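Peer 1: Attaching a single structure in structure tokens format; questions to follow.
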Amino acid sequence: MSDQQRPELKRLFMETYGCQMNVYDSERMRDVLTPLGYAITEKPDDADLVILNTCHIREKATEKVYSEIGRLRAHKERRASEGKGMTIAIAGCVAQAEGEEIIARAPAVDLVVGPQAYHKLPELIARAARKTGERLAADFTAQEKFDALPARAPDGVTAFLSIQEGCDKFCTFCVVPYTRGAEYSRPLADVVAEARGLADRGVREITLLGQNVNAYHGESRGGVASFAELLNVLAQIDGVERLRYTTSHPIEMTDELIALHGAEPKLMPYLHLPVQSGSDRILKAMNRKHDGAFYRDIVARLRAARPDIALSTDFIVGFPGEKAREFEETMQLVRDVNFVSAFSFKYSARPGTPAAAMMGQVSEEEKSERLARLQALLAEQQRAFNGSQVERVLPVLVTGDGRKAGQKHGRTPYLQAVHFEDTKAQNGDIVPVRILAASQNSLTGARLEMAPEAA
Ligand code: SAH
Ligand code: SF4
Ligand code: F3S
């Protein structure tokens, strides 16, 4: 490319909030903007374009966006006084849910774009620069977005791959069905092509993403492929050594999928399976479509198929009407199942969701107290699990250099971060590591010499 053709270098500052779907989407937005000359900058001060990829799941997540816009406004004004521009774009679920309100409340924002319209970013940015005043991107379908996005440019040996968008489950506390729309599964051939592309660029571990990833039912040769069928096809791709998926709904854990956990070695023995509560009455009020016994049964069958499977989950405490004894049922479920990690949250009332209008909202004080007790128990289980790995030799996927010279870091099959002594391993290798010590959040170890290859 001659200098005349090369687009002028522009700086892009991106901040990502919320779930892994947003992490994936941020990467794809970067891929759309790279050909236009945008390169990532780590500081907002000198950015030509700022994108906040936002989350609407809890009130706090949404508030963060407005305080961040406030900070950005100061940079924008300073740059304007120096004769330079700064375009501020709000993407993600707050953009989808509160687009009009953002424009009314935050004049510093030039552009609002919902999660299905990222392929339109170049056009929207150009329009914003011409100051046409058109700031709200129209909605498109998920399919259109995926078809129009450019090829991936992964920057490591692990990658996310979105296979499914939206949600039709309508749990009564949750905004996702409103912000991400109806459930949509990408066609099987498209997912396979993207996975192959990732493997060709050195990716060894792929995490399939969707708000209901195991509800996947993608078009395939005129028929419909189930999630287990998709995993079977992906496991055959050379170079893809490890498969994971998140986040799953308990009612979509089919017999076929549970059996695959025992049969497919590339499927990692770690599963994030949100339960939300241990009380049947609360689960019903949440419209979760499963009760505690159903969840325990899935766990038992997963463990029968793959005895070492590590389970993680999500909880909400203080859902409207939750009594002290109902919270104790959640504590009991944690003791019964034994989780290796978990996310737990105080219930946050979201405007427009059925639970926000329910009677018996729990006090902030009560919620905090329950959350602290739950988190203490979960932390204890996490420390116990990590501690149980000491002295074991685990196959570790090398993901980068460690903090100190002579160290690498990587991931165990159970998704634990490991720092270990090694000078030879390359990123993407899977090497045996003896675990020497454990903390709540990570492991340390030393690489073992490889056994000589069989003749
Ligand atoms: N699709 C996933 C997760 C969706 S959002 C599932 O079905 O479980 C991630 C987590 O945020 C949820 O599992 C839930 O624990 C939490 N969450 C969602 N809405 C919330 C709310 N209104 N208040 C507090 N936590 C919430
Ligand atoms: Fe939200 Fe429930 Fe859908 Fe998960 S399954 S995204 S919690 S509505
Ligand atoms: Fe948040 Fe939207 Fe994900 S609300 S959790 S960013 S789907």
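Peer 1: For Thr54, state whether it is open to solvent by less than 10 Å² (accessible area, probe 1.4 Å), closer than 26 Å to Gly210 by Cα and β-branched (Val, Ile, Thr). I'd like the intermediate steps shown before the answer.
Peer 2: Numbers: open to solvent by less than 10 Å² (accessible area, probe 1.4 Å): yes; closer than 26 Å to Gly210 by Cα: yes; β-branched (Val, Ile, Thr): yes.
Against the criterion (open to solvent by less than 10 Å² (accessible area, probe 1.4 Å), closer than 26 Å to Gly210 by Cα and β-branched (Val, Ile, Thr)), Thr54 qualifies.
Peer 1: Okay, next question. Restricting to region 154-173, what's the tally of residues that are within 18 Å of the chain's Cα centre (by Cα), open to solvent by 20 Å² or more (accessible area, probe 1.4 Å) and touching a residue at least 24 places away in the same chain (Cβ under 8 Å)? Walk me through it before giving the result.
Peer 2: Within region 154-173, the subset within 18 Å of the chain's Cα centre (by Cα) is 154-167.
Pick out the ones that are also open to solvent by 20 Å² or more (accessible area, probe 1.4 Å) and you get 154-156, 158, 160.
Pick out the ones that are also touching a residue at least 24 places away in the same chain (Cβ under 8 Å) and you get 154, 156, 158, 160.
Selection size over region 154-173: 4.
Peer 1: I've got another one for you. Pick out the one residue from Gly402, Gly387 that is in contact (Cβ under 8 Å) with a residue 40 or more places away in the chain and surrounded by fewer than 19 Cβ atoms within 10 Å (Cβ to Cβ). Even if it seems obvious, please write down each step before you answer.
Peer 2: Working: Gly402 fails: in contact (Cβ under 8 Å) with a residue 40 or more places away in the chain.
Only one candidate qualifies: Gly387.
Peer 1: Of the numbered conditions (1) surrounded by 15 or more Cβ atoms within 10 Å (Cβ to Cβ); (2) within 23 Å of Glu205 (Cβ to Cβ); (3) of a type in the set (D, E, K, R); (4) more than 26 Å from the chain's Cα centre (by Cα), Arg392 fails exactly one; give the number of that condition.
Peer 2: Evaluating Arg392 over (1) surrounded by 15 or more Cβ atoms within 10 Å (Cβ to Cβ); (2) within 23 Å of Glu205 (Cβ to Cβ); (3) of a type in the set (D, E, K, R); (4) more than 26 Å from the chain's Cα centre (by Cα) leaves (1) as the failure.
Peer 1: I'm checking my understanding of the structure. Among residues of region 350-365 that are of a type in the set (Gly, Ala, Ser) and touching a Pro at 6+ places or on another chain (Cβ under 8 Å), which one is nearest to ligand 2 (Cβ to nearest atom)? If you could, list the steps in order and put the result at the bottom.
Peer 2: From region 350-365, those of a type in the set (Gly, Ala, Ser) are 352, 355-357, 360, 363; that's our starting set.
Still in the running and touching a Pro at 6+ places or on another chain (Cβ under 8 Å): 355, 360.
Values: Ala355: 11, Gly360: 20 Å.
Among those residues, the one meeting the criterion is Ala355.
Peer 1: Right, here's the next one. Taking the conditions exactly as written (within 16 Å of ligand 3 (Cβ to nearest atom), more than 17 Å from Pro413 (Cα to Cα) and of a type outside the set (D, E, K, R)), does His272 satisfy them or not? Full working, then the answer.
Peer 2: Values: within 16 Å of ligand 3 (Cβ to nearest atom): yes; more than 17 Å from Pro413 (Cα to Cα): no; of a type outside the set (D, E, K, R): yes.
Criteria not met by His272.
Peer 1: Then there's this: So if I check each of Ala89, Ala47, Ala95, which one is in a helix (DSSP H, G or I) and either over 21 Å from Ala148 (Cα atoms) or among the small types (Gly, Ala, Ser) (or both)?
Peer 2: On the way: Ala89 fails: in a helix (DSSP H, G or I); Ala47 fails: in a helix (DSSP H, G or I).
Only one candidate passes the filter, namely Ala95.
Peer 1: Within region 14-22, is even one residue over 30 Å from Ser248 (Cα atoms), free of Cβ contacts under 8 Å to residues at least 60 places away in the same chain, within 16 Å of ligand 3 (Cβ to nearest atom) and buried (at least 21 other Cβ atoms within 10 Å of the Cβ)?
Peer 2: So in region 14-22, the residues over 30 Å from Ser248 (Cα atoms) come out as none.
No: zero hits.
Peer 1: Right, Ala80: out of contact with any helix residue (DSSP H, G or I) (no Cβ under 7 Å at 6 or more places or on another chain), within 16 Å of ligand 3 (Cβ to nearest atom) and not charged (D, E, K, R) or not?
Peer 2: Numbers: out of contact with any helix residue (DSSP H, G or I) (no Cβ under 7 Å at 6 or more places or on another chain): yes; within 16 Å of ligand 3 (Cβ to nearest atom): no; not charged (D, E, K, R): yes.
Taking the combined requirement at face value, the residue does not satisfy it.
Peer 1: Let me ask another. State whether one or more residues within region 411-431 are surrounded by 14 or more Cβ atoms within 10 Å (Cβ to Cβ), of a type in the set (Val, Ile, Thr) and within 16 Å of ligand 1 (Cβ to nearest atom).
Peer 2: Within region 411-431, none of the residues are surrounded by 14 or more Cβ atoms within 10 Å (Cβ to Cβ), of a type in the set (Val, Ile, Thr) and within 16 Å of ligand 1 (Cβ to nearest atom).
Peer 1: Given the residues Glu264, Glu252, which is the only one that is within 16 Å of ligand 2 (Cβ to nearest atom) and at pLDDT 95 or above?
Peer 2: Numbers: Glu264 fails: within 16 Å of ligand 2 (Cβ to nearest atom).
The match here is Glu252.
Peer 1: Does Val94 fit the bill of being open to solvent by 10 Å² or more (accessible area, probe 1.4 Å), among the aliphatic types (A, V, I, L, M) and touching a residue at least 24 places away in the same chain (Cβ under 8 Å)? Steps first, please.
Peer 2: On the way: open to solvent by 10 Å² or more (accessible area, probe 1.4 Å): no; among the aliphatic types (A, V, I, L, M): yes; touching a residue at least 24 places away in the same chain (Cβ under 8 Å): yes.
When the stated conditions are applied, Val94 does not pass them.
Peer 1: Within region 24-77, can you find the residues that are over 26 Å from Val317 (Cα atoms) and within 16 Å of ligand 1 (Cβ to nearest atom)?
Peer 2: Residues satisfying the conditions are Tyr24, Asp25, Asn53.
Peer 1: When you check Asp308 against the structure, is it touching a residue at least 24 places away in the same chain (Cβ under 8 Å) and not assigned by TED's automatic domain parsing to the domain that holds Ser248, yes or no?
Peer 2: Answer is yes for this residue.
Peer 1: What are the residues in region 362-383 that are touching a residue at least 40 places away in the same chain (Cβ under 8 Å) and in a helix (DSSP H, G or I), if any?
Peer 2: Within region 362-383, Glu366, Lys367, Arg370, Leu371, Arg373, Leu374, Leu377, Leu378, Ala379, Gln381, Gln382, Arg383 meet the criteria.
Peer 1: Taking interchain pairs and intrachain pairs at least six residues apart, which have beta carbon atoms under 6 angstrom, with the first residue in region 177-199 and open to solvent by less than 30 Å² (accessible area, probe 1.4 Å) and the second among the aromatic types (Phe, Trp, Tyr)?
Peer 2: Pro177/Phe170; Ser185/Tyr216; Arg186/Phe146
The values are calculated or read from the model by the stated rules, or taken from the named source; none is laboratory data. Keep in mind that this is a model prediction, so the values were computed, not measured. Using ideal geometry, Cβ is built from the backbone for each residue, glycine included, and neighbour counts are taken over all protein chains shown. Ligands, DNA and RNA are stripped out before the accessible areas are found, and what is left, the full protein with its side chains, is counted by its heavy atoms. Shrake-Rupley method; radii C 1.70, N 1.55, O 1.52, S 1.80 Å.
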